[in-house]
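Novice: Structure incoming, see below.
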Ligand SMILES: [Cu+2]
């Protein structure tokens, strides 16, 4: 297996193309590596997981687990407010399956908890509205004790909540200039195969590959012009932390994170991206002559533990990710002047702090000294509640902690304000570095049910995981009286997040037209008698 070419050879190849502004199609064949694959887009219908033999490496057939015959699976692209409605079909050979919609505000019933897995030959339907801002999300297998194996063999894909009109108005690249990059590593010592076979050591430290696939493409390259490009980057590795940088150390701008826009346009030359995390970046190639190339890499970083084992790939290894060939002139567009900032939860509203100690007990990865138990509910939280969660890493490994059913803001690392580019905005996954303490402020959604919190190093996930239940919301008691030809509905204040709704048939509920007012220690709302609707309730609607 050849690795990417040394830079000297890129330049030599590139001189072939200088005669023309656009490289002739025949010349592509002369390039080392493979044109970046763009996964097909889901157009409705079932999503079927099944074994497949795919030409991931040209000239070779690779046994993988595919979704609708693709690795990665089709990109699901929907808009805010759309109803996501899909049948997931398990045609795997002897393996249960459930998919998690990572970054989506899914009701518990569709979140992909391992107790929702279906047996081979089974299917289940997922249906919920996308009540959240545009964001770059993904989906992947979350089957009990099989997450790592199934994701490694291919069961993952991109999920984009998209609003290209908004983005164009904000000055962000869209369409062909908006490219998802699903980055994962792979062990090349298993010949052209996606074989999951971790040693005891790899169970502890992570199943680390030595070669990168981008959108399922080995040695990927993309033909670009000198203009501005938007890349949505996902670390879909089982365990590898990527330290992302260009080989010429060019500046790129980070503007979005797990939960969408961060409100910042932050220039960086490198950043760490842990398994499960996403960023969106803007890159201009205007400074490169047509015919030049630049490489995206995961650059070296030091580690203090024997993370790769005696002779295998190591955490922090330098690895080429992909190459950008500048094949045409173009004009870089100006960076957006500003982008809307998300309204993040206020630490002062937190009603409690929970501590999660990340450790190793008897060779197993633990949270508060416990290994995951599918049937144990570790704690309960109230819907809509704001809490501080503190993760303390008592190990020498990275633990990217991922929370289902809620987003959070990263507050601090070892007591200092969190300032990493991947700490911005709404997050669902945060890197906890070796021996570090990270505090986040988290706000739960209104939807009750069972959710997960776990390490996204997938070799740790099946142990370093907890169940938490969002309890059913209990609305404050309503009091309904009539006064002076008015119906008066009142309830105790404060009652954050609840809105008054009315109905005349108990089926179709509508928010009341005029606002309730605070009077003393109660909220009051009045309507002239006789009311055209007779039923009232307090409801906590889904909000961002
Ligand atoms: Cu971990």
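Novice: Return a yes/no flag: does segment 386-401 have any residue that is part of a loop (DSSP other than H, G, I, E, B) and away from the ligand (no atom under 14 Å from the Cβ). Lay out the reasoning, then the answer.
Specialist: Just the residues of segment 386-401 that are part of a loop (DSSP other than H, G, I, E, B), to begin with: 394-398.
Of the ones still in play, those that are also away from the ligand (no atom under 14 Å from the Cβ) are none.
Among the residues of segment 386-401, not one is part of a loop (DSSP other than H, G, I, E, B) and away from the ligand (no atom under 14 Å from the Cβ), which makes the answer no.
Novice: Residue 309 - would you say it is surrounded by 12 or more Cβ atoms within 10 Å (Cβ to Cβ), farther than 30 Å from residue 443 by Cα, more than 16 Å from the ligand (Cβ to nearest atom) and modelled with pLDDT under 95? Walk me through how you get there before you give the answer.
Specialist: Details: surrounded by 12 or more Cβ atoms within 10 Å (Cβ to Cβ): yes; farther than 30 Å from residue 443 by Cα: yes; more than 16 Å from the ligand (Cβ to nearest atom): yes; modelled with pLDDT under 95: yes.
It is true that residue 309 is surrounded by 12 or more Cβ atoms within 10 Å (Cβ to Cβ), farther than 30 Å from residue 443 by Cα, more than 16 Å from the ligand (Cβ to nearest atom) and modelled with pLDDT under 95.
Novice: Scan segment 454-471 and give yes if some residue there is more than 16 Å from the ligand (Cβ to nearest atom), in a strand (DSSP E or B), surrounded by fewer than 18 Cβ atoms within 10 Å (Cβ to Cβ) and touching a residue at least 12 places away in the same chain (Cβ under 8 Å), otherwise no.
Specialist: Within segment 454-471, the subset more than 16 Å from the ligand (Cβ to nearest atom) is 467-471.
With in a strand (DSSP E or B) added as a condition, the list becomes 467-470.
Then keep just the ones that are surrounded by fewer than 18 Cβ atoms within 10 Å (Cβ to Cβ); that gives 469.
Filter once more, so that each one left must be touching a residue at least 12 places away in the same chain (Cβ under 8 Å): 469.
Yes, there is a match, as at least one residue in segment 454-471 is more than 16 Å from the ligand (Cβ to nearest atom), in a strand (DSSP E or B), surrounded by fewer than 18 Cβ atoms within 10 Å (Cβ to Cβ) and touching a residue at least 12 places away in the same chain (Cβ under 8 Å).
Novice: Assigned to a loop (DSSP other than H, G, I, E, B) and over 17 Å from residue 390 (Cβ atoms): is that true of residue 434 in this structure?
Specialist: Working: assigned to a loop (DSSP other than H, G, I, E, B): yes; over 17 Å from residue 390 (Cβ atoms): no.
Against the criterion (assigned to a loop (DSSP other than H, G, I, E, B) and over 17 Å from residue 390 (Cβ atoms)), residue 434 does not qualify.
Novice: Restricting the search to segment 402-422, which residues are in a strand (DSSP E or B) and over 29 Å from residue 115 (Cα atoms)?
Specialist: As a first pass, look at segment 402-422 and keep what is in a strand (DSSP E or B): 402-403, 406-413, 416-417.
Residues satisfying the conditions are 410, 411, 412, 413, 416, 417.
Novice: Turning to a different aspect of this structure: Identify, from the list 330, 405, the residue that is within 22 Å of residue 100 (Cα to Cα) and either surrounded by fewer than 19 Cβ atoms within 10 Å (Cβ to Cβ) or more than 16 Å from the ligand (Cβ to nearest atom) (or both). Can you show your working first?
Specialist: Numbers: 330 fails: within 22 Å of residue 100 (Cα to Cα).
That would be 405, the only listed residue that is within 22 Å of residue 100 (Cα to Cα) and either surrounded by fewer than 19 Cβ atoms within 10 Å (Cβ to Cβ) or more than 16 Å from the ligand (Cβ to nearest atom) (or both).
Novice: On to the next question. For segment 172-192, name all the residues that are at pLDDT below 95 and farther than 21 Å from residue 221 by Cα.
Specialist: Across segment 172-192, the qualifying residues are 189, 190, 191.
Novice: Assuming residue 425 fulfils every condition listed in (1) closer than 24 Å to residue 234 by Cα; (2) at pLDDT 95 or above; (3) assigned to a strand (DSSP E or B) apart from one, which condition is it?
Specialist: If we test residue 425 against (1) closer than 24 Å to residue 234 by Cα; (2) at pLDDT 95 or above; (3) assigned to a strand (DSSP E or B), just (3) comes out false.
Novice: It is to be established whether one or more residues within segment 353-372 are outside any strand (DSSP E or B), in contact with a helix residue (DSSP H, G or I) (Cβ under 8 Å, 6 or more places away or on another chain) and away from the ligand (no atom under 16 Å from the Cβ).
Specialist: Within segment 353-372, none of the residues are outside any strand (DSSP E or B), in contact with a helix residue (DSSP H, G or I) (Cβ under 8 Å, 6 or more places away or on another chain) and away from the ligand (no atom under 16 Å from the Cβ).
Novice: Now for a separate question. From 326, 343, which residue is more than 22 Å from residue 453 (Cα to Cα) and out of contact with any strand residue (DSSP E or B) (no Cβ under 9 Å at 6 or more places or on another chain)? Spell out the reasoning first.
Specialist: Values: 326 fails: out of contact with any strand residue (DSSP E or B) (no Cβ under 9 Å at 6 or more places or on another chain).
Matching residue, one of 326, 343: 343.
The values are calculated or read from the model by the stated rules, or taken from the named source; none is laboratory data. None of the values given here were measured: they were computed from a predicted structure. Don't worry about glycine lacking a Cβ; one is built from the backbone with ideal geometry, like all the others, and counts go over all protein chains shown.
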